[in-house]
Amino acid sequence: MRPDLFQGQLVRLCAPRPEDPEVLSHWSEDGVYRRHADTDAPRPVTADHFRERDEMLDSDPANFEFRIRTLHEDRLVGFVAICRVEWSNRHGWLAAGIGDAADRGRGYGGEAVAMALRYAFHELSLHRLSLDVIADNESAIGLYHKLGFEPEGRQRERVLRDGAALDLLYMGLLARDWERMQGGSDELDSERG
């Protein structure tokens with residue numbers, strides 16, 4: 001049976017909704033979330049900023065951003081994106097985040113990223129995905145490693161936080177390595193043939 005492209009056991013991947021920018025703006029006020037989500041100096045961002053960003057991304061053929069919503073409550077808990085796609089190289093960057101601290105560690109992010117990987121490799125036919133992650137974000141690093149990403153590099157002392165200089169790690173995943181982790185081929189492949 002073909003797995004649902006946008007729905008897992010816990011969450012589904014959705015398009016942005018008109019009410020999302022208010023929630024995203026609220027998350028931007030969480031310093032822990034902002035410090036892990038971006039290397040820029042964290043600052044709260046308005047809902048209008050997110051509205052404009054959604055409109056811009058909607059028409060950009062190199063960016064595929066999904067909102068993560070819980071299945072049972074239809075509640076927005078995060079985002080996952082395949083962005084900055086270079087079609088000639090079949091390469092893109094992965095970004096993901098779970099906004100509210102109470103929703104982290106519940107499997108939402110892992111399931112959403114796993115669905116995004118299937119989407120990237122089977123729907124977009126990408127050859128590889130890259131990501132960067134701040135070295136103190138141990139839970140994200142563990143998740144990415146579990147999903148098959150390999151360390152590929154490090155920028156030493158790239159991010160400054162609270163007077164500490166943190167490394168920025170680069171990780172990558174090739175389509176063939178992801179396929180191997182799926183058992184050589186997954187259910188989508190068996191239905192293609």
_Given the options Glu65, Glu73, name the one that is of a type in the set (Asp, Glu), assigned to a strand (DSSP E or B) and within 25 Å of His26 (Cβ to Cβ)._
Glu65
*In segment 8-43, how many residues are part of a helix (DSSP H, G or I), within 15 Å of the chain's Cα centre (by Cα) and among the basic types (Lys, Arg)?*
1
*Give the residues of segment 46-80 that are surrounded by fewer than 17 Cβ atoms within 10 Å (Cβ to Cβ) and under 22 Å from Val133 (Cβ atoms), sorted by residue number.*
Arg53, Leu57, Ala62
_segment 114-137 residues that are polar (S, T, N, Q), paired with ones that are part of a strand (DSSP E or B) (beta carbon under 6 Å, 6 or more apart)_ = Ser130/Trp93; Ser130/Gly172
_Matching residues in segment 111-129 - criterion: being surrounded by fewer than 21 Cβ atoms within 10 Å (Cβ to Cβ) and under 11 Å from the mean Cα position of the chain (by Cα)_ = Glu111, Ala114
_Within segment 50-73, take every residue that is of a type in the set (D, E, K, R) and within 25 Å of Leu147 (Cα to Cα) and give me the one that is modelled with the lowest pLDDT._
Glu65
*Checking Glu52 against (1) part of a loop (DSSP other than H, G, I, E, B); (2) without any contact (Cβ under 8 Å) to a residue 12 or more places away in the chain; (3) not hydroxyl-bearing (Ser, Thr, Tyr), which test does it fail?*
(1)
_segment 1-27: number of residues that are free of Cβ contacts under 8 Å to residues at least 60 places away in the same chain and touching a helix residue (DSSP H, G or I) at 6+ places or on another chain (Cβ under 6 Å)_ = 4
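The values are calculated or read from the model by the stated rules, or taken from the named source; none is laboratory data. As the structure is a computational prediction, the values presented were derived from the model and not from experiment. So basically every Cβ, Gly included, is an ideal-geometry build from the backbone, and we count neighbours across all protein chains shown.
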